[in-house]
Every structure is written in structure tokens, then in C-alpha cells.
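Enquirer: So that we are looking at the same thing, I have put the structure below in C-alpha cells.
The values are calculated or read from the model by the stated rules, or taken from the named source; none is laboratory data. All figures in this text were calculated on a predicted structure; none of them were measured in a lab. No Cβ is skipped: glycine too gets one built from the backbone with ideal geometry, and neighbour counts run over all protein chains shown. With ligands, DNA and RNA removed, areas are computed over all heavy atoms of the protein, side chains included. Shrake-Rupley method; radii C 1.70, N 1.55, O 1.52, S 1.80 Å.
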Amino acid sequence: MSDPVAADTISDTALANNAVIDRLIDFLARSPSPWHATANLVERLEAAGYRRLRETDSWQLTPGDKVYVTRNDSSLIALQLPATPLQALRMVGAHTDSPALRLKPQPAVVNKGWLQLGVQVYGGALLAPWFDRDLGLSGRVHVRRADGRLQGLLINVSEPVAIIPSLAIHLDREANSGRAMNAQTQMAPVFLQGGQADDVTRLLQQWIAAEHDIQDAEIVDFELGFHDVQPPARVGVAGELLASARLDNLLSCFIGLEALLGCDGSQGAVLVANDHEEVGSASACGAQGPFLADVLRRVNAALGEAGDEGFVRLIQRSLMISCDNAHALHPNFADKHDPNHGPAINAGPVIKVNASQRYATNSATAALFHDLCREAEVPVQQFVTRADMGCGSTIGPITATELGVPTIDVGVPQWGMHSIRETAGTRDPGYLIRALIAFYNRATLDTAHDA
């Protein structure tokens, strides 16, 4: 006879996971750009009682405050400050950007009866999956209002307005031979038959009017890119998988936010979501820039030990968990993994290790994460790339270098990283959320530091 208590527990867990995935799908669908992702993070933070701080203002902070800061409208830092004296911070880091096709400043190309839009490749995108996809347009537009004031607006054209059609195999018999694609000459999306250059401005004004009720806006500049309008979906006979654009790394942003909102608030908890990771993080709002250090210095000045020494002591008592997805073992390409380090989908978060410091993990920080997973009753895996292959990186080593904070790199396993549509497991987000809640609630971080 089955145990009714155990059955109820399994049922409750399944329902909880379903609710998490429902929220995740909604977040992914409404976040086609880093600016939209940040706005959606802000929306949930404010609903949970977090107060906005502006970097140009003087800050008034008190123990127990829940606050957040944005920079460039595409990066965010949220802080749950402890009610007790500020001694240490438990930080979770992720990034809001994903590989994409961004419009050039003067994108209009009139070619063979078609208006096409010239693009720049943002980040290390897999180009082939962009062909034959229904593409929308999204990002940030700056307009001049009637009173002369400049204003930034978010735009999300969610209907399919463009496509990059493949060339028929009859016209290129070598198409399946792995030929390189030329982003300048072969990847300009077709946009409007019979269109002219000034149609770009006309259509942008039309979309701004529809979304923001601003008529005849004078468009001054923009940062726009194409996105796949196919919505996220559960995939698999039992719904084991989640397929979506931008899982790398909006999935980690979502997981970090869920953990922050789910923690008990007893400790100093921080969520960092940087832009520009996919292009090296070297910007004012990227992980290599001063954003995190600026915010933490101001927090320490208000609530911690005074002076540079006090700040260093705070950082050295703290820990950063850098969350960025890991390469799951692909059943069709198993030889691309080290035989002993092939993370499985739906088998728990992955500790990422690299001897050349492409990941910031060391044995002390890894030991702490193992302990957190044990406490949260979460399975944990490890990833090391093959010794004869290169290795990607994350904000982890950059943050550790810039701030000096002990750091570990972890993430949920996924397939198709940097594709326009990626795949992850539907159980893994719940696992990592539980581990990060345990981290945010943990009373001591001693095992992460020198003996």
C-alpha cells in the first residue's frame, strides 16, 4: 500500500513546480530584451514591497530595508538588508542579456523590391536557428516629446513582422555541409515588400502610438533587436522540458528573484542582474563595471563598518553565487562531454569548474554549495569541459576579480545554448531555487573562507 503522506508530498511538489514554471513562462514571454527583463524584475520586486533607490539621490537606509537600484534600465541590484548589524552579504548574480540580432543605427536596406533591416550580431549567437523563424522587434527607443523633453520607451512588437528565409537546397546543394553564414550579406531579415527607408520611422512611430499612446513621436535613437515570437512551451510526453528563447540567462534571473522573494529576510541578501555579459561585461552596467561595488559601498557606509577597511571586511565575509546555465549532456553528441562530467537535465543544479579560472569555483565555495544542496535536499552535479576543448565564462570570475568576493559558478543544465530557442528541464528551476533560498537564509558562510 502506498504512503498517503508521501503521495501528498509528491503531489504538492509537482503543483509547486508547475506554478514556478507557469511564472517562468510568463516572465520569458514578456522579456524579449534586457530592458524588458529588468522592467519585469522591478515589477515583481515592487509588488513584494521593495523600494526604488536612484543613484543620483542621497540614500536613507535602515536595517531590514528592501530596496533595489537599476542602471541603464537593463541591469538591476536588489537588496534585502538584515534587521541585525550588517556583517555579510549573500549574493546571487546573473545576466539579463542573450545573444541576438540587433538593428544597425541606419538599418534600412532596399533590395530587389524588399525593405530589409541590417543587423549586428550581439554575442556568440548560433546563427543557423535564426533562419525561417517568425521574428518580432523589441528594445528601447528614445523620442523627443512635443515639449522638447527626451524620453526612453520600451517597445515590444510581438507579432511576426520579419523573417530570414533560407535559400532552397535546390539552389545550394552544399547547404548541409556546415558552410559558414555571412551576417552582413545573408542575414538581413525581410521586413516589408515594396517598402522604402522612411517606412522604418513610420512603423516605429505607429508602434509607439499603439503601445504608449504618443502620437508622431520624433525618434532620436534606439537599441532594437529581433526576437522569436514563438512562445515558451513545455515539451516532452510528460512535460519534462521547457523550450524558449533567452533561457541563457533569463532563467537564472528568474531563479534568483524567486529565491530572493522566498527567503526569510533574516540575512543580508542581494540579487545582481547585469547586462552585457554576452559581449564581455565591460560596461558601466556590466559585471566588469563599477555598478555592484558602487551600490555595496553606499550600503556599507550607511549600515556597516566605516571606511575602506570596513568595506573589505564586509566583502570578505560575503559570498557570490554566479548563476549561469550549464551545458547538459546531449544524447546525440555525448562525445562533446568529459565522460565523468556530463550533467543530466532534471538532475539538479551544476557546479561549474575550470582550472584556468574561466569559472570562479574553488574547493571552498564548492564545498559550501554541496552543503546547501544537502540541506535543501536537492541533487547536485558537476561540469568540467573536455581538456581538448575551450571553455566559456560567466560574470563569476569577473565579479570575483573586480570585487574580491569569494565566488562559485553554478547553473541549471540546458541544451542548445546561444540558439534562438534553447531547452532546459522543468524540475531543475525548482531545485536551484530551493538551494538558493537555503543560501539566502544561511546563518553562517564560514565554510567558504580560509580556515
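Enquirer: Mind pulling the angle between the C-alpha long axis of helix 198-212 and the longest principal axis of the chain? Nearest 10 degrees, somewhere in 0 to 90.
Expert: Its long axis makes an angle of about 40 degrees.
Enquirer: Follow-up. Given 0.36 nm per residue, what is the gain on full extension from residue 374 to residue 83 after removing their alpha carbon distance, in nm?
Expert: 102.0 nm
Enquirer: Among all the lysines, which ones have a C-alpha under 26 Å from residue 352's C-alpha, if same-chain residues fewer than 8 places away are not counted?
Expert: Answer for residue 352, where 26 Å is the Cα cut-off: 336, listed by chain and number.
Enquirer: Can I ask one more? How much FRET efficiency would the formula 1/(1 + (r/R0)^6) give for residue 212 and residue 159, where r is the Cβ-Cβ distance and R0 is 22 Å, rounded to 0.05?
Expert: Working from the Cβ atoms, E equals 0.85.
Enquirer: In degrees, nearest 10, range 0 to 90: what is the angle between the Cα axis of helix 291-303 and the longest Cα principal axis of the chain?
Expert: It is inclined by approximately 40 degrees.
Enquirer: Can I ask one more? In whole Å, what are the extents of region 363-451 along the principal axes defined by its C-alpha atoms, from largest to smallest?
Expert: 41, 30, 23
Enquirer: What is the calculated FRET efficiency for residue 46 to residue 177, with r their C-beta to C-beta distance and R₀ = 51 Å, to the nearest 0.05?
Expert: E between residue 46 and residue 177, to the nearest 0.05, is 0.45.
Enquirer: In Å², what does the accessible area per residue of the chain work out to with a 1.4 Å probe?
Expert: 45 Å²
Enquirer: Quick one: which residues, 5 or more positions from residue 382 or on another chain, have an amide H under 5 Å from its amide H? H modelled 1.01 Å from N in the peptide plane, none for Pro or chain starts.
Expert: Here the answer is 351, since their amide H atoms fall under 5 Å of that of residue 382.
Enquirer: About its Cα centre, what dipole magnitude does the chain give when the only charges are +1 on Lys and Arg Cβ and -1 on Asp and Glu Cβ, stated in debye to the nearest 20?
Expert: With only Lys, Arg, Asp and Glu charged at Cβ, the dipole is about 380 debye.
Enquirer: Sticking with this structure for a sec: If you keep only loop residues by DSSP, which trypsin sites (Lys or Arg not before Pro) in region 141-250 have at most 16 other Cβ atoms within 10 Å of their Cβ?
Expert: Qualifying residues, ordered by number: 145, 149, 173, 179.
Enquirer: Under a crude label model (7 Å from the Cα following the beta-carbon direction), how far is residue 235 from residue 150 in nanometres?
Expert: Spacing of the two 7 Å Cα→Cβ label points: 4.1 nm.
Enquirer: Let me ask something else about it. Using a simple spin-label model with points 7 Å from Cα along the Cα→Cβ vector, what separation in nm is obtained for residue 219 and residue 202?
Expert: For residue 219 paired with residue 202, the spin-label model returns 1.2 nm.
Enquirer: Which log10 I(q)/I(0) values, to two decimals, does region 23-168 give at q = 0.15, 0.19 Å⁻¹ under the Debye formula with one point per Cα?
Expert: The calculated log intensity ratios at q = 0.15, 0.19 Å⁻¹ are -0.96, -1.29.
Enquirer: Considering only DSSP beta bridges where both residues belong to the chain, give the percentage that are antiparallel (nearest 5).
Expert: 70 percent
Enquirer: Which ³J(HN,Hα) values in Hz, rounded to whole numbers, follow from the phi angles of region 318-329 under the Karplus curve 6.51 cos²θ - 1.76 cosθ + 1.60, where θ = phi - 60° and Gly and Pro get x?
Expert: Couplings: 9, 8, 10, 9, 7, 10, 8, 4, 10, 7, 6, 4 Hz.
Enquirer: Relative contact order for the chain using alpha-carbon pairs under 8 Å, separation at least 6, rounded to a whole percent?
Expert: Computed over the chain, the figure is 21 percent.
Enquirer: Enumerate the calculated ³J(HN,Hα) couplings along region 62-67 in order (Karplus 6.51 cos²θ - 1.76 cosθ + 1.60, θ = phi - 60°), each rounded to whole Hz, writing x wherever the residue is Gly or Pro.
Expert: 10, x, x, 4, 10, 9
Enquirer: Counting only protein heavy atoms and using a 1.4 Å probe, what share of the accessible area of region 31-94 belongs to carbon plus sulfur, as a whole percent?
Expert: 47 percent
Enquirer: Here's another thing I want to ask about it. Counting each DSSP H run of 4 or more residues in the chain as -39500 (n - 2.57), what helix-only mean residue ellipticity at 222 nm follows after dividing by all residues, to the nearest 500 deg cm²/dmol?
Expert: Numbers: 9 runs with 131 residues, N = 451.
Result for the chain, helices only: -9500 deg cm²/dmol.
Enquirer: To continue, here is another question. Once you have the Cα-Cα distance between residue 355 and residue 446, take 0.36 nm times their residue separation minus that, and quote the gain in nm to one decimal. Intermediate values should be presented prior to the final figure.
Expert: On the way: separation 91, 0.36 × 91 = 32.76 nm, distance 2.34 nm.
Extra length from residue 355 to residue 446 when fully extended: 30.4 nm.
Enquirer: Another question about this same structure. Give me the net charge for the shell around residue 309: Cβ to Cβ below 15 angstrom, other residues only, Lys and Arg +1, Asp and Glu -1. Write down the numbers at each step before the final one.
Expert: Working: positive: 297, 313, 317; negative: 305, 308.
That works out to +1.
Enquirer: Viscosity 0.890 mPa s, temperature 25 °C: give me the Stokes-Einstein translational D for region 259-330 in µm²/s, with Rh taken as the Kirkwood radius over C-alpha pairs.
Expert: Result for D is 170 µm²/s.
Enquirer: Give me the percent of accessible area attributable to carbon and sulfur for region 232-390, probe 1.4 angstrom.
Expert: Within region 232-390, the accessible surface is 51 percent carbon and sulfur.
Enquirer: Here's a follow-up. For the chain, count the residues as N, evaluate 2.2 N^0.38 Å, and divide the Cα radius of gyration by that value, please.
Expert: Compactness ratio reported: 1.02.
Enquirer: Rounded to two decimals, what is Rg over Rh for region 94-251 when you use alpha-carbon atoms and the Kirkwood radius? Intermediate results must be reported in sequence, preceding the final value.
Expert: Working: Rg = 17.5 Å, Rh = 17.4 Å.
Expressed as Rg/Rh, it is 1.01.
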